[in-house]
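The values are calculated or read from the model by the stated rules, or taken from the named source; none is laboratory data. Fair warning: this is a prediction, and the values are worked out from it, not measured in the lab. All Cβ positions, even for glycine, are placed from backbone atoms using ideal geometry, and neighbour counts span all protein chains on display. In case anyone asks, the SASA skips ligands and DNA or RNA and just uses the protein heavy atoms, side chains included. Shrake-Rupley method; radii C 1.70, N 1.55, O 1.52, S 1.80 Å.
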Number of protein chains: 2
Amino acid sequence: MDQLICSRCEAAYGLDEPRWRCDCGSVLDIEFKPSFDVVSTPFRKPTMWRYREAIPIRDDEHIVTFDEGFTSLLEVDFKGRSVLVKQDHVSPTGSFKDRGASVLVSKARELGISEVVEDSSGNAGSALAAYCARAGIGCTIFVPEAARPVKLAQIAAYGGRIKKIAGDRHAVDAAALEAAKAVYYASHCWNPFFLQGTKTFAYEICEQLGWQAPDTVILPAGNGTLLLGSYLGFKDLMRVGITSRIPRLVGVQAARCAPLYRMFTDNLTEIPETGPVDTVADGMAVTQPVRAGQILDAVKSTGGAFLAVEEDEILASQKLMHRKGLYIESTSAVVTAGVEKYLERTAGLETLVTVLTGHGLKTGTPERDTTP
Amino acid sequence: MDQLICSRCEAAYGLDEPRWRCDCGSVLDIEFKPSFDVVSTPFRKPTMWRYREAIPIRDDEHIVTFDEGFTSLLEVDFKGRSVLVKQDHVSPTGSFKDRGASVLVSKARELGISEVVEDSSGNAGSALAAYCARAGIGCTIFVPEAARPVKLAQIAAYGGRIKKIAGDRHAVDAAALEAAKAVYYASHCWNPFFLQGTKTFAYEICEQLGWQAPDTVILPAGNGTLLLGSYLGFKDLMRVGITSRIPRLVGVQAARCAPLYRMFTDNLTEIPETGPVDTVADGMAVTQPVRAGQILDAVKSTGGAFLAVEEDEILASQKLMHRKGLYIESTSAVVTAGVEKYLERTAGLETLVTVLTGHGLKTGTPERDTTP
């Protein structure tokens with residue numbers, strides 16, 4: 001039966017309850033049996049909605065879309081090794097967050113919701129504001145004071161209301177949680193419908209490889225929405241018998257904000273404290289990932305790992321990508337720096353996939369668009 | 001026979017001559033017989049290179065691509081009327097110029113060229129710099145002093161060398177022309193291979209409509225590269241018998257820089273003088289379009305027209321698009337303002353297609369990223 005189910009106490013709720021966490025306080029997952037039509041899929045539009053039967057939105061008329069997804073899987077040379085790069089930075093709002101926002105806002109429309117709140121360092125907020133604009137849903141985005149002006153300008157252009165909160169991302173989360181007592185919380189971290197969008201990332205990779213899973217996928221691990229979505233997606237395809245395995249998932253964090261990496265490396269069961277965070281990877285400066293346990297379980301179950309990369313490695317990798325003609329924001333370069341580190345440590349032949357998460361235009365103009 | 005042919009004196013040159021204009025000084029066109037495979041095309045990757053047999057690059061190994069093109073054709077409501085909007089702002093470098101740059105740089109590679117020059121207010125320069133980076137070709141971009149910092153940052157990131165020139169676009173053109181005496185001129189205006197990329201815009205629209213041509217296409221008319229490319233593309237499909245007509249082409253200009261509109265309206269044969277140009281549509285501030293005669297002929301032969309839109313109409317239309325979740329730069333809003341004007345003047349049912357040309361992130365941060 002299709003339902004929301006608690007990741008801790010296993011309490012179940014109907015899919016049409018407008019709730020984003022369990023009464024016990026834990027995150028919810030979605031129980032839903034996806035189906036696929038590999039015969040007709042190649043004839044469908046090149047968007048993530050080509051996997052319509054695998055996405056838990058009841059009526060087509062509720063779908064809110066800008067034809068996002070089915071992004072290019074581009075072969076890129078990394079120091080003589082071939083890596084397949086999903087160009088999710090070429091998305092309607094400029095980041096992979098469009099995948100999650102499309103399904104989440106579709107569900108909000110299906111539920112008849114007219115107003116939502118969200119918290120974000122920028123990209124999830126931009127995506128949500130854009131899809132809410134198309135759906136005619138009002139939205140308020142809580143952001144850290146240090147959010148990049150170019151991202152705030154984008155949110156405001158879509159008509160999103162911006163609330164700047166002093167302090168770190170944790171303080172922003174807290175403010176949004178308070179607001180979420182009264183208004184639907186369209187959180188990319190908490191709301192399980194977001195992952196029902198990011199999972200299409202895995203479907204697309206497999207279809208683009210001739211319905212085969214790659215060996216390894218290297219992904220960002222901030223709130224882990226792309227990593228968890230990918231895990232769900234690869235699992236779906238294996239369960240229905242289209243693919244025969246789940247790839248190794250490797251999560252990358254900025255060393256200056258690496259709670260998941262530390263949990264993995266030091267075998268911790270609790271999220272460790274991260275001091276004041278100062279990293280160029282502002283989009284991944286997440287000290288308390290709400291789905292930390294799930295992210296660790298996913299990576300471990302695939303035989304994967306976590307990597308942490310230093311600031312100079314991030315900036316060097318960003319420059320390297322730019323000189324290949326791939327313009328990405330600094331947060332996105334955390335992942336490509338992770339790819340470089342992974343390749344240094346491995347020698348074998350394998351099909352390796354990674355992602356460009358956010359467009360370089362999201363950085364604004366370096367000499368002027370500096371955050372305080 | 002495949003060849004370069006002069007648009008004025010009909011002199012012919014081989015396709016592999018590295019030249020960008022005729023000895024007589026006029027613009028060159030390409031004579032080339034495109035072919036199409038409508039049976040296998042739907043199975044190919046969703047990029048503009050799915051029309052491989054229609055693009056005059058000899059060897060596949062010379063193709064320089066980021067999997068650009070085959071952009072979404074999204075249905076958007078304009079005050080109760082349905083318009084099909086090609087989302088070319090969702091392109092690798094953030095504008096439709098990627099189409100032309102992909103073919104032009106592929107040809108440069110085919111010719112063994114290692115260094116190019118170009119002049120641009122930003123978007124063509126960004127596109128060229130990105131594709132040159134992927135091809136390992138050096139490039140120098142001449143830009144007006146008032147070019148947006150966010151665009152210059154993008155060109156520089158790709159490794160493009162920037163030369164700022166005082167004065168208007170005409171002065172920038174002149175400086176590039178001087179440099180082009182020594183180095184291959186990869187001009188989006190002069191070089192006919194650029195149009196061999198933008199023509200795929202028309203192919204895609206027809207394929208997306210079930211291999212039918214729409215009634216009307218509303219396009220930007222600055223240097224007219226998308227308009228002329230579309231004209232070529234629609235003509236190709238009709239000539240081989242896939243479609244049965246060429247749509248009405250409507251070109252839009254900003255009223256403050258509208259030489260083509262004035263030529264059309266006042267039936268002029270020469271390009272009129274435009275005084276000092278001050279428009280928010282910096283990407284279309286072209287006072288002397290080098291292919292002006294061809295643009296006028298194309299529009300007239302389709303029964304089309306030119307429209308001019310005022311600054312307040314451009315800004316209002318940009319805001320309207322943003323509030324629909326479509327983030328576009330101000331130059332792109334010239335076209336959507338033209339759509340609004342067109343719809344005010346027409347009542348009939350017709351299939352109307354238009355384009356979003358450049359991403360809103362190209363604007364930078366409004367309050368900081370102001371041009372002098």
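Just a few scattered comments:
- Residue list for segment B:119-143, restricted to those being within 14 Å of chain A (Cβ to nearest Cβ) and of a type in the set (Phe, Trp, Tyr): B:Tyr131
- Verdict on A:Ala316 being under 25 Å from B:Leu361 (Cα atoms) and either modelled with pLDDT under 95 or among the aliphatic types (A, V, I, L, M) (or both): yes
- The residues listed here are A:Leu209, A:Leu128, A:Leu195; of these, the one that is open to solvent by less than 20 Å² (accessible area, probe 1.4 Å) and either within 30 Å of A:Ala305 (Cβ to Cβ) or modelled with pLDDT under 95 (or both) is A:Leu195.
- Screening B:Ile328 against (1) within 14 Å of chain A (Cβ to nearest Cβ); (2) surrounded by fewer than 17 Cβ atoms within 10 Å (Cβ to Cβ); (3) under 24 Å from B:Asp119 (Cβ atoms) leaves a single unmet condition, (2).
- Residues of segment A:219-227 include none that is open to solvent by 10 Å² or more (accessible area, probe 1.4 Å), without any contact (Cβ under 8 Å) to a residue 40 or more places away in the chain and not in a helix (DSSP H, G or I).
- Just one of the listed residues (B:Arg109, B:Arg19, B:Arg50) is touching a residue at least 12 places away in the same chain (Cβ under 8 Å) and away from every other protein chain (no Cβ under 14 Å), namely B:Arg19.
- One residue from B:Asp88, B:Asp67 being in contact with a Leu (Cβ under 8 Å, 6 or more places away or on another chain), open to solvent by less than 20 Å² (accessible area, probe 1.4 Å), at pLDDT 95 or above and within 24 Å of A:Gly360 (Cβ to Cβ): B:Asp88
- Residue that is farthest from the other protein chains (Cβ to nearest Cβ) [pool: residues in segment A:357-372 that are farther than 19 Å from A:Glu311 by Cβ and modelled with pLDDT of 95 or more]: A:His359
- Flag for A:Val290 being farther than 23 Å from B:Val64 by Cα, of a type outside the set (D, E, K, R) and in a loop (DSSP other than H, G, I, E, B): yes
- Hey, B:Leu343 more than 18 Å from the chain's Cα centre (by Cα), in a helix (DSSP H, G or I), within 14 Å of another protein chain (Cβ to nearest Cβ) and not polar (S, T, N, Q) or not: no
- Odd one out for B:Tyr342 among (1) farther than 28 Å from B:Leu152 by Cα; (2) aromatic (Phe, Trp, Tyr); (3) open to solvent by less than 20 Å² (accessible area, probe 1.4 Å): (3)
- Of A:Glu53, A:Glu110, A:Glu115, all but one fail to be modelled with pLDDT of 95 or more, in contact with a His (Cβ under 8 Å, 6 or more places away or on another chain) and closer than 30 Å to A:Met1 by Cβ; the exception is A:Glu110.
- Failed criterion for B:Gly325 (all others in (1) closer than 30 Å to A:Ile137 by Cβ; (2) under 21 Å from the mean Cα position of the chain (by Cα); (3) assigned to a loop (DSSP other than H, G, I, E, B) hold): (2)
- Between B:Val105, B:Val143, the distinction of being closer than 26 Å to B:Val277 by Cβ and crowded, with 22+ Cβ neighbours inside 10 Å belongs to B:Val143 only.
- If you check B:Ser121, B:Ser26, B:Ser35 for being open to solvent by 10 Å² or more (accessible area, probe 1.4 Å) and out of contact with any helix residue (DSSP H, G or I) (no Cβ under 9 Å at 6 or more places or on another chain), only one passes: B:Ser26.
- Selection from segment A:345-356 of residues that are open to solvent by less than 30 Å² (accessible area, probe 1.4 Å) and either charged (D, E, K, R) or over 14 Å from A:Ile314 (Cα atoms) (or both): A:Leu352, A:Val353, A:Thr354, A:Val355
- Residue within segment B:273-287 that is open to solvent by less than 50 Å² (accessible area, probe 1.4 Å), outside any loop (DSSP other than H, G, I, E, B) and polar (S, T, N, Q) present: no
- Segment A:152-174, residues that are more than 9 Å from chain B (Cβ to nearest Cβ), in a helix (DSSP H, G or I) and buried (at least 19 other Cβ atoms within 10 Å of the Cβ): A:Ile155, A:Arg169, A:Val172, A:Asp173
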